[in-house]
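The values are calculated or read from the model by the stated rules, or taken from the named source; none is laboratory data. Computed from a predicted model, the values in this text were never measured in an experiment. We place every Cβ from the backbone using ideal geometry, glycine too, and count neighbours over all the protein chains shown.
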Amino acid sequence: MIVCLSSSNLPKLHSSPTSSNQTTPEPHSEPQPQKLKTRSSPQLNHWSRARAIRSGRKLDRPGHRSTNTVVEGNSPVHLQLNDRASLEPEKISDGHDVVEAAKSIYMVSDGTGWTAEHSVNAALGQFEHCLVDRGCAVNTHLFSGIEDLEQLMEIVKQAAKEGAMLVYTLADPSMAESAKKACEIWGIPFTDILGPITEAIASHLGVSPSGLPRGAPGRNVPLSEEYFRRIEAIEFTIKQDDGALPQNLKKADIVLVGVSRTGKTPLSIYLAQKGYKVANVPIVMGVDLPKSLFEVDPEKVFGLTINPLVLQTIRKARAKSLGFSEATRSNYSEMDHVREELEFARSIFAQNPVWPVTEVTGKAIEETAAVILRLYHDRKNRCSMPRIAKRY
């Protein structure tokens with residue numbers, strides 16, 4: 001489950017002025033600093049309660065509130081959080097035993113959150129129990145466009161309550177420092193993805209970073225030639241999907257060939273977003289491949305193959321989602337037919353040994369794309385490549 005909250009979804013929080021004749025006891029009898037109270041977000045509360053209900057958890061009743069301090073520069077920022085008991089990780093009762101809920105990872109970004117999300121997903125790929133077919137007991141939540149300190153503290157509050165880990169990419173050094181100190185105070189495990197590499201590059205270049213996220217109003221970044229190239233590539237790729245307009249195959253940078261459900265379309269779109277014009281051609285038994293496919297530069301063509309058991313599972317799910325009856329989908333997802341179709345594709349690849357064949361089983365789109373782009377640029381730069389079909 002992935003929940004994405006943008007800054008537009010989180011309401012603007014306002015500080016509540018404190019009357020001069022009101023006093024609030026401070027921990028350790030410290031001098032009373034200026035307070036900045038954070039109001040609870042209705043959207044965040046609603047989201048938290050909905051998740052609790054869906055998980056079968058009992059909702060905590062509001063208890064008395066305590067105040068803890070996060071120092072931001074010289075002005076302490078006070079977080080009004082529930083007592084420590086309510087900040088323990090929530091647990092689910094199955095009627096007999098109390099089972100700890102799936103662990104959560106909060107990803108916070110002042111931009112789109114792309115860097116944080118992909119970094120976390122790449123890291124989760126290193127744990128076998130987090131693979132797609134294993135049922136990973138980890139929930140990831142993306143909070144993008146967080147540019148206000150009060151919004152950040154509200155997310156920290158929720159992370160402390162759920163026992164979540166906080167991963168953040170905050171360009172503003174003061175925001176990143178506030179997130180770090182808040183996590184340290186409440187014992188929240190955290191990782192700053194952007195900070196260390198930004199500091200290292202700044203030291204190497206001898207230039208200070210801007211401290212602004214990409215796309216921020218204060219940054220005037222003109223539309224580059226690369227931007228228009230990506231847009232053109234995406235438009236081309238969409239028009240060429242699933243064998244459409246075969247006469248345009250010569251204009252493509254990369255041509256993907258494979259049987260149905262080997263991930264040709266999502267892989268094409270992913271590559272197009274990187275600026276490559278991609279066409280994909282399906283291999284279907286009884287249907288001749290377009291002649292133009294064999295007229296293009298063979299070094300642009302890449303074959304895709306997949307394990308038959310995995311392909312059958314994908315096709316069964318696809319047929320069921322489309323509402324096909326058992327009789328209708330028997331031929332499409334029957335193992336004998338799947339094996340026969342893969343064997344037919346294998347024979348085509350064997351007849352065209354210059355086409356590299358990439359095994360997509362168990363690979364994320366990014367992994368398959370990395371293999372194809374490596375081969376593509378090796379060929380473009382005239383690196384030595386075997387002239388026989390090979391699986392990658």
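Filtered by the rule that a residue be part of a loop (DSSP other than H, G, I, E, B), surrounded by fewer than 21 Cβ atoms within 10 Å (Cβ to Cβ) and not small (G, A, S), the stretch 136-158 gives C136, E147, D148. Looking across the stretch 348-379, the residues that are among the polar types (S, T, N, Q) and more than 25 Å from the chain's Cα centre (by Cα) come down to Q351, N352.
Residue check: is P246 in contact with a Pro (Cβ under 8 Å, 6 or more places away or on another chain) and either under 24 Å from L342 (Cβ atoms) or of a type in the set (F, W, Y) (or both)? Let's see the steps before the verdict.
Details: in contact with a Pro (Cβ under 8 Å, 6 or more places away or on another chain): yes; either under 24 Å from L342 (Cβ atoms) or of a type in the set (F, W, Y) (or both): yes.
Against the criterion (in contact with a Pro (Cβ under 8 Å, 6 or more places away or on another chain) and either under 24 Å from L342 (Cβ atoms) or of a type in the set (F, W, Y) (or both)), P246 qualifies.
If you go through the stretch 159-170 and pick out every residue that is over 16 Å from S109 (Cα atoms) and part of a helix (DSSP H, G or I), you end up with 3. Among the residues of the stretch 225-266, those that are surrounded by fewer than 20 Cβ atoms within 10 Å (Cβ to Cβ) and of a type in the set (D, E, K, R) comprise E225, E226, R229, R230, E232, E235, K239, D241, D242, K250, K251, D253. Within the stretch 225-237, no residue that is at positive phi and modelled with pLDDT of 90 or more sits with its Cβ atom under 6 Å from a residue that is surrounded by 16 or more Cβ atoms within 10 Å (Cβ to Cβ) and among the polar types (S, T, N, Q) at 6+ positions apart or across chains.
Identify, from the list T313, T237, the residue that is within 21 Å of A370 (Cα to Cα), out of contact with any His (no Cβ under 6 Å at 6 or more places or on another chain), assigned to a helix (DSSP H, G or I) and polar (S, T, N, Q). Break it down stepwise before answering.
Numbers: T313 fails: within 21 Å of A370 (Cα to Cα).
None of the others qualify; the one that does is T237.
Keeping to the stretch 347-392, report how many residues are of a type in the set (A, V, I, L, M, F, W, C), assigned to a strand (DSSP E or B) and modelled with pLDDT under 90. Final tally of qualifying residues: 0.
Is it the case, given these coordinates, that E147 is touching a Ser or Thr at 6+ places or on another chain (Cβ under 7 Å) and of a type in the set (D, E)? Judged against the criteria, E147 is a match.
When the stretch 270-299 is limited to residues that are hydrophobic (A, V, I, L, M, F, W, C) and part of a loop (DSSP other than H, G, I, E, B), the one that is surrounded by the most Cβ atoms within 10 Å (Cβ to Cβ) turns out to be I283. Scoring A370 on the criteria (1) farther than 30 Å from L124 by Cβ; (2) among the hydrophobic types (A, V, I, L, M, F, W, C); (3) free of Cβ contacts under 8 Å to residues at least 60 places away in the same chain leaves a single failure, condition (1).
Quick one: which of G206, G113 is of a type outside the set (F, W, Y) and out of contact with any Ser or Thr (no Cβ under 6 Å at 6 or more places or on another chain)? The match here is G206.
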